[in-house]
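First up is the structure itself, then whatever we jot down about it.
Read-outs: derived from the displayed coordinates by stated rules, not from any lab. Given the structure is predicted, the values throughout are model-derived calculations rather than measurements. Cβ coordinates were reconstructed from backbone atoms using ideal geometry, including for glycine residues, and neighbour counts include every protein chain displayed.
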């Protein structure tokens, strides 16, 4: 009986801890924009947010502040891309801050897993939920993968 009680308390603790997952704060990066990719029509209009229908859903382009407001109400999100300016050091710093476990690493791109994002897809027989790309001026961080053009 004591083992069951200890097990039950541990399960309750782990479940409660999972409810308070820390979210990564992208607001520290310059010229930050967000693209939210949805399946289906999620949004007609919202302030200065740009909504583009792409045939299968929508691409919602917005500021980080608008993203923080909208994200809780969007139901069919298939991916999110955070776009900001920076140099190679900023790109590497972001990967480090996200605590990415890199699965595939290139000179200007990576594929990996971070506890800051949920979900994921399978690549190289591993679960991944973050992809990044640096084009020399802009940094693109996508979850679970980069979608759209970059």
Exercise for the section: Would you compute, for the Cα atoms of the chain, the largest minus smallest coordinate along each principal axis and list the three values in descending order, in whole Å? Expected result: 58, 39, 30
Fill in the blank from the handout: Within the set 85, 114, 69, GNM on the chain using Cα springs under 10 Å gives the largest fluctuation to 69
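Stretch residue 23-residue 76 to full length: gain in nm at 0.36 nm per residue minus the Cα-Cα span?
17.1 nm
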Exercise for the section: Mind giving me the nanometre distance, one decimal, between the label points for residue 93 and residue 105, set 7 Å out from Cα along Cα→Cβ? Expected result: 1.9 nm
Fill in the blank from the handout: The helix 88-97 Cα axis meets the longest alpha-carbon principal axis of the chain at an angle in degrees, between 0 and 90 and rounded to 10, of 20 degrees
Problem - Span from the the range 94-150 Cα centroid across to the the range 43-92 one, whole angstrom - result: 17 Å
Completion exercise
Helix 2-19 sits off the longest principal axis of the Cα atoms of the chain, rounded to the nearest 10 on a 0 to 90 degree scale, by 10 degrees
Exercise for the section: For an R0 of 35 angstrom, estimate the FRET efficiency from the Cβ-Cβ distance between residue 56 and residue 127 and round to the nearest 0.05. Expected result: 0.90
Problem - Burial ordering of 61, 78, 48, fewest other beta-carbon atoms within 10 Å first - result: 48, 78, 61
